Structures are given as structure tokens and as C-alpha cells.
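These notes concern the structure reproduced below.
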Number of protein chains: 2
Amino acid sequence: MSGVDPVRVLRDLRELATFGAYKTGVHRPTFSEVDMAARRWFVGKLEEAGLEARIDGIGSVFGRAPGSGPTILTGSHLESQNHAGWLDGPLGCIYGLEAARALGGGVDVAAWCDEEGHFGSFIGSRSFVGALPEDEIDRLANRYDGTPLRTALERVGLGQEPRIAFEPGRHKAYLEAHIEQGDTLESQDLKIGVVTAIVAIWQYRITASGEQNHAGTTSMTRRRDAGLALVRLLGEVDRRFPDVAGPRSVWTTGRITLEPGAASIIPGRAEMLFQLRDADPAVLDRMQAELHALVEVANRDGRCPIAIEVMGQSRPALMDEALQDAVEAAVAAKAPGLSLRMPSGAGHDAQYLARVMPSSMMFVPSIGGISHHWTENTSDADIALGAEVYCDAVARMLAT
Amino acid sequence: MSGVDPVRVLRDLRELATFGAYKTGVHRPTFSEVDMAARRWFVGKLEEAGLEARIDGIGSVFGRAPGSGPTILTGSHLESQNHAGWLDGPLGCIYGLEAARALGGGVDVAAWCDEEGHFGSFIGSRSFVGALPEDEIDRLANRYDGTPLRTALERVGLGQEPRIAFEPGRHKAYLEAHIEQGDTLESQDLKIGVVTAIVAIWQYRITASGEQNHAGTTSMTRRRDAGLALVRLLGEVDRRFPDVAGPRSVWTTGRITLEPGAASIIPGRAEMLFQLRDADPAVLDRMQAELHALVEVANRDGRCPIAIEVMGQSRPALMDEALQDAVEAAVAAKAPGLSLRMPSGAGHDAQYLARVMPSSMMFVPSIGGISHHWTENTSDADIALGAEVYCDAVARMLAT
């Protein structure tokens, strides 16, 4: 290993953050001008490092090390959420680049397109592992302005490019570095998260049906207030879920809609988006069973029937044990005692890579646990230490 | 009194319901073509009854009995809520017309414009009592399509018409008939509601401020979920309000908005519209004090500060006691034992007329308590009985 250069890592990250700079973060939506400029810049950096690099037909950057392998696949993503942080994605890409430079070979580097979902859901990594069919590409469109994905690919000159696909036998493993996006590491003064699994997300649309009526003339006893039915259900969820959840489970009500939504009308219909996340299917089963039980109790009086629609039920992606051990060994060498094994509460491209090769992830601390906001940050010292551990771990994976 | 003709009342109501017929109800927004046709039709009916009638510069129909008075002022409104019922408003107008016909003099009839608030709030009756300044008319616009009120008045040919104003000394009293819009009468097999007061509406915007964050990476203990803060507050309101409210108090949460409103983002801000109604200011004070107390308790942990903004605090409009007695006397003559003194939970033009003359209201039953929906209805027998009682009450008021 020719040596990790943390100064170079920080300089590259800062240069990358100039593409779409927004306050102290970046605004770099997928296929925007600044996003394409960042992708081309990254291709240049990979070529400087001796890789054969290009942008493929779905927008992913792929840098291929000389030779037939086996190699370690590294990377993350380059685009950002709207008006968001400078490290969410870029950190893992530049760590991959640094590993390629430091190890002088045996390291491929990818920047998977649109992890942040401006057009779809993990289209870059899914395309690579063969889980993005052509007809889904036909259907996808920008969630903000409706531009079809095909149109966007044509506009940025990628419409005729082939898509890079998984090449059996080439990669021993995938290792993705990322900011934690929570405060688990920071709150315990730890520096490296060794990811054990990427949580599953179980998503529901829960609807209460009542009777729309006049808020002045309808007595409290006569009402069938659909909004109140959901509020009462959420009160029970709030009381009961801590008992059935696991220590790292999270549950979130992201949206509540009362219809028709006027001050003087009793809501006749109410709807909410409700989500569970955990790395353990047994815990998810328990929480879902509790949700159904609470709805069943609520429905016993029958005044405002509540219905649960399952919108998605993913499986947790388990990270490879041997790779976790390799990261731990790198931690023991560079930052002894400063790591924690933990699940990832957020989705990452590694969950798709794990379908085709041993995969793992490594986290660095997020200041204040802030994420998806332009104030997201990680200290220079933690970024530098993370680069040392990451490159050491990649070297260990390559050597085994 | 030359005699009330219930058949004529029902025939007129049915003819009026053909203007903008929608299923078994009507869709007759203020100043729509069907609405203006209904107003012109009503002018014709008033003229047939011997009144001098016209549509004034704010859109109200006013039929003036021959002579200098004193007279009894009757009426209600002609436009409907969108896709709503056929009797909400028209009942009181046709009862007024019937009283003018039956009594053969001494009865003025008004159809106050836009009681349903397509452009503003009670603009017809407020204009009449001198509570609608020119600069408010300048500002008002259609709440659905934004058309300025001035433009709408020009389009329907009323832009240059004078506004009819209260004429001191002419009217002894105002009596407005209306459907109940609730099920109080129906549930007790009663036929006439003698309105004691029109409730006050106290309206609040309640806002919780938390921290927008990632729904996967932010632990339950670290979260500052603004939506959950409002759900918990509403749970306490649900538990506590029955103890502090009066027997007829109502409280309603008509809208809840979580920001940004996405499945995977913890709401950083949450807002709701909350409303109290009661005819007794002391009860309203008690409920408001409880609301403030619950918010104060919620704010003790300081994680998601909750703020209350008062959007409106009207006063209840007390109905004249002597007029209530006149209606009761008519009930004793036409439907003995079948009346109930009750407040109106909905707002009505009578609350503005009460500012300038003794005013009262009389309710007939609503089938199933349904209102502001095209299925709103009242039985023919109840409409007929209501007309008898109403005209008798007007005669008694005129005679005293």
C-alpha cells in the first residue's frame, strides 16, 4: 500500500462540494448540470488514479482497475438530496478513489446513480446487479418535474450508452463507506460504525372512514370523526410500541391527511403514512402484529373503520461477517476500541450489491446526527481517520 | 292571515331546486349562472306576492312590502355549498315568501347574498347592517377560482347597483327559518327548534416545532417529532375536554399538516386547525383555559415547543326572548309539545341582523342530521308543519 493521504481525501471532497454548492452543503439533483459535471470530474480523478472510467447508460460512474481481478469493489453515490449535505455519498466515492490510489491496484470504484431517488429507487446499483428491468426504466420519471428517465438520459448524452453489469468472478467483495446520518457514534465518542445489516422498511397506508359533517351542528356523540380515529390509534401506538419494539426499532408517521381538510368540517376520511424499520424480521413481525391488534381493537366500535394497506415490506440486507471482521481488524490497527457494530437505519446501495457478492458498510460519525440537510457535517479528523481505516480494510479484504 | 298553503311552499321549494340540480340536491355557487337565475326567479315570486323586489349591489334579493311599516323582516339565503342540499337557505326564503303571501302585508323578505361564503363571510347580511366596508369588498375574491368580488359583481350586472341598507324604524323583528343541520330534533321526535343563541366560534392554529430528520437513522429517543407532539396533545384534548365542556360544546380538528410530509422524514413542523363552539362564553373560556394548560404541560419537556395562534374569537349572538316566546306560542297552536329551545351550532345571517333589531331563528328537523351534502333532506310533512308554525309566529310578531 503506497500510503493513504488524508489531506488529498479532504481536498478532493472539498473540490467535489463546489459542484452545486449550497450554503455549507450542496444541491446536486441527479442529471442536473452540476451533477453531470461532478460525474465527469470523478471520471477524471479515477483516470488519474490509473482506472479505466466511464459513465454508463443509467448514469453510474464506474472505474475499472487494470487486469482481470479479483478486485474489491468500492464506492457510493455522487448526487445529493435537494439542498442537503456535502458528504452523503461523496465520502464513500472519494474513500474508494483513495483506496485505488493508496493500494495501486485491485480496487474498482463505482458511483451508483440516483441513490437519492430523484427518479427511482437505487437505479444505479439495481441496474448493476440485474434488478432494474427495461420496462421500469420506461416508466420512471423525475419526482419533482415529471421528466421521464429516458428523456433525462438522452439529454445528458447517456441514452445510447450500455449499462455496466455485474461481472461474476471479478469482485471478492463490496465495501461502502458512508456518514452514519444518526448520532449513535457521536454520542458514545466512537469513530467507526461496522454495519451488521441494512434495516428492512415496512411501509403502510392507514385509512379511517368516518362521516363528513358540519363541525357546528353535529354533536360530539353523533360524530364519526375519521381524523380523531387516527389520532386515537396513534396514541395507542405511542403507548404500546416501546414494549414490542427492539432496542433500535424506529416507527414514523410521516404524513397525516384529513379530508376535506377545512376548519369547520368534521373529517370524513383520514389517511396516514406509517413506517417501521428494523434489521430483525422477528421484531418487525411483532410490531406489525401489534399494529393489527390495535386496529382491531379500534374497529370494535365500528364507528370509523380503519384499514391497513401494506405499501412495502423489504427484507433486511445482512452484511458479510468476514468483511465486518476485516473492518474491525482495520479499526484495531488504526483506531483501537473506537468502533461499534450497528445496523444501518437508512437504505444504501450495499443492500443491492449484497445480492451478488459479499458486502459490508462502514460509517463515520455525523455531527449532531444531522442528515439530509445542508448543515450535515463530519469533522476533518473523523474523515481522515475513516479514510485510514477504510483503505486498511480494503487492503485486508484484497489480501485474504 | 289569508292562509298558509303548504302545497305551494313545497312546489316553490321544488322549483327552486331545479336551478343547479345535482343528484337529489343542488350545486349553486354564488353568482354562478344558475344562482343568478334563482335570484331572478325569487324576485319574480316576491313581485307576484305584491312586494317591490330587486337584487342589490352586493347580490342580496330584497322584497319590500307596500307601505312604510312597521314590518317583520324574514328570509335566509339562496346560494348553496358546492354539491350540497336543496333546503339549506331556500327553506327560510320560501317560508318568508309564504308569510308575505299568507299575511297579505307587513312582511319584508330577504335572500342574503353568499351566506355560504364562496367569496366572503356573510357579505349580504353584513352589508345590510353596515358591517361590510368598501375596502373589504375590494379585497374579497372567490375562494375556489380567485375571481375578485368586484369583478364577479360586474359580470352579473350588479356592479353599479346600490346596496340596500338597514332602515331604522321599519322592522320590528327578524325571523329566519332554517334546517337544523344536526339530529337533535329528529333524535327526540321533535318538530321545531326555537333557537336561543347562535354559538360563538373560537378558532386556533396550533403549531409544533421539532427537528426534521431521517426516519431511518434517528433513534426514537433522539427524535423531536413535531407530528407526534400534536398527536399527543390531541390525545389529551380527547381525554380532558369532556370534563370541561358544556353539554352542547363541540371541538373539531379539521386539518393536520406534517412537514415535509414524506414517509421517510420525521416531521420538523406540524400544524393543525382547531375549533371550539359554544353559546356560552364562560364555557368557551373554560375550554380555552384547558387547551392552554395542556399545551403548557406538553411544553415542559421543551422538545417540540407548541404555539397557539388565535385566528378568530366571535361572540355568541343571543336571540330575542320575546321572539322566542312568539315562536313557542305558534308551536303551542300548531304543534303542541313538539319544540325544543336550543342553540344553533352553525353560523347564520341572523347573527348579524341581531346587531340592529330583535332577531330569532326557527329550525325544522334534518333527516339523519345530514348537512352540506347533496343527501341533506327534511320530510314534506315537517316542511309543511314548519311553514304553518313560521307564518303563525310572524303573524304574532306583527300583532304585538
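A compact table of results
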quantity: Failed condition for B:A384, given (1) at pLDDT 95 or above; (2) within 14 Å of another protein chain (Cβ to nearest Cβ); calculated: (2)
quantity: B:G193 vs. criteria away from every other protein chain (no Cβ under 12 Å), within 29 Å of B:S121 (Cα to Cα) and touching a residue at least 12 places away in the same chain (Cβ under 8 Å); calculated: no
quantity: Output for the stretch B:300-336, where each listed residue is more than 20 Å from B:M361 (Cβ to Cβ), under 30 Å from the mean Cα position of the chain (by Cα) and of a type outside the set (S, T, N, Q); calculated: B:A307, B:I308, B:E309, B:V310, B:M311, B:G312, B:P336
quantity: So A:G254, is it more than 30 Å from A:G89 (Cα to Cα), crowded, with 19+ Cβ neighbours inside 10 Å, within 11 Å of chain B (Cβ to nearest Cβ) and touching a Leu at 6+ places or on another chain (Cβ under 6 Å); calculated: no
quantity: Test for B:I206: is it away from chain A (no Cβ under 11 Å) and buried (at least 20 other Cβ atoms within 10 Å of the Cβ); calculated: yes
quantity: Complete set of residues in the stretch A:351-400 that are within 22 Å of B:T221 (Cβ to Cβ) and charged (D, E, K, R); calculated: A:E376
quantity: In the stretch B:72-94, the residues that are out of contact with any Gly (no Cβ under 7 Å at 6 or more places or on another chain) and in a helix (DSSP H, G or I); calculated: B:P90, B:L91, B:I94
quantity: Test: residue in the stretch A:168-187 that is in contact with an Asp or Glu (Cβ under 6 Å, 6 or more places away or on another chain), modelled with pLDDT of 95 or more and more than 11 Å from every other protein chain (Cβ to nearest Cβ); calculated: no
quantity: All positions within the stretch A:209-218 that are at the interface with another protein chain (Cβ under 10 Å from one of its Cβ atoms) and touching a residue at least 12 places away in the same chain (Cβ under 8 Å); calculated: A:E211, A:Q212, A:N213, A:H214, A:A215, A:G216, A:T218
quantity: Test for B:M319: is it touching a residue at least 40 places away in the same chain (Cβ under 8 Å), touching a Ser or Thr at 6+ places or on another chain (Cβ under 6 Å) and within 11 Å of chain A (Cβ to nearest Cβ); calculated: no
quantity: Residues of the stretch B:262-273 classified as facing chain A (nearest Cβ under 7 Å) and within 33 Å of the chain's Cα centre (by Cα), total; calculated: 1
quantity: Tally, over the stretch A:1-19, of residues that are surrounded by fewer than 22 Cβ atoms within 10 Å (Cβ to Cβ) and either at pLDDT below 95 or in a loop (DSSP other than H, G, I, E, B) (or both); calculated: 6
quantity: Any hit, the stretch B:275-288, residues being of a type in the set (K, R), modelled with pLDDT of 95 or more and buried (at least 23 other Cβ atoms within 10 Å of the Cβ); calculated: yes
quantity: Options B:R28, B:R54, B:R40: the member that is among the charged types (D, E, K, R) and in a loop (DSSP other than H, G, I, E, B); calculated: B:R28
quantity: The stretch B:229-244, subset of a type in the set (A, V, I, L, M, F, W, C) and facing chain A (nearest Cβ under 8 Å), residue nearest to the chain's Cα centre (by Cα); calculated: B:L234
quantity: Any hit, the stretch B:217-237, residues being in contact with an Asp or Glu (Cβ under 6 Å, 6 or more places away or on another chain) and buried (at least 24 other Cβ atoms within 10 Å of the Cβ); calculated: no
quantity: Identity of the residue in the stretch B:247-261, under 30 Å from A:N82 (Cα atoms) and either assigned to a strand (DSSP E or B) or without any contact (Cβ under 8 Å) to a residue 24 or more places away in the chain (or both), that ends up nearest to the chain's Cα centre (by Cα); calculated: B:R255
quantity: Odd one out for A:T221, checked against (1) at the interface with another protein chain (Cβ under 7 Å from one of its Cβ atoms); (2) more than 32 Å from the chain's Cα centre (by Cα); (3) among the polar types (S, T, N, Q); calculated: (1)
quantity: Members of the stretch B:274-299 that are away from chain A (no Cβ under 14 Å) and more than 32 Å from the chain's Cα centre (by Cα); calculated: B:E296, B:V297, B:N299
quantity: The stretch A:355-375 residues that are more than 10 Å from chain B (Cβ to nearest Cβ) and surrounded by fewer than 20 Cβ atoms within 10 Å (Cβ to Cβ), paired with ones that are in a loop (DSSP other than H, G, I, E, B) and aliphatic (A, V, I, L, M) (beta carbon under 6 Å, 6 or more apart); calculated: A:R355/A:V129; A:V356/A:V129
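Rundown of residues vs (1) among the aliphatic types (A, V, I, L, M); (2) closer than 26 Å to B:R101 by Cα; (3) not assigned by TED's automatic domain parsing to the domain that holds B:P247, yes/no style:
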residue	(1), (2), (3)
B:D349	no, yes, yes
B:L353	yes, yes, yes
B:V356	yes, yes, yes
B:M361	yes, yes, yes
B:S366	no, yes, yes
B:S371	no, no, yes
B:S379	no, yes, yes
B:A395	yes, yes, yes
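Listed here are the residues, each with its yes/no results for (1) in the same structural domain as B:I383 (by TED's automatic domain parsing); (2) without any contact (Cβ under 8 Å) to a residue 24 or more places away in the chain; (3) of a type in the set (D, E); (4) under 14 Å from B:A387 (Cβ atoms).
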{"position": "B:Y95", "(1), (2), (3), (4)": "yes, no, no, yes"}
{"position": "B:A99", "(1), (2), (3), (4)": "yes, no, no, yes"}
{"position": "B:L103", "(1), (2), (3), (4)": "yes, no, no, yes"}
{"position": "B:G106", "(1), (2), (3), (4)": "yes, no, no, no"}
{"position": "B:A111", "(1), (2), (3), (4)": "yes, no, no, no"}
{"position": "B:G117", "(1), (2), (3), (4)": "yes, no, no, no"}
{"position": "B:S121", "(1), (2), (3), (4)": "yes, yes, no, no"}
{"position": "B:S127", "(1), (2), (3), (4)": "yes, no, no, no"}
{"position": "B:A131", "(1), (2), (3), (4)": "yes, no, no, no"}
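The values are calculated or read from the model by the stated rules, or taken from the named source; none is laboratory data. Just so it is clear, the structure is predicted and the values come from calculations on it, not from any experiment. Note: ideal-geometry Cβ built from the backbone for every residue, glycine included; neighbour counts use all protein chains shown.
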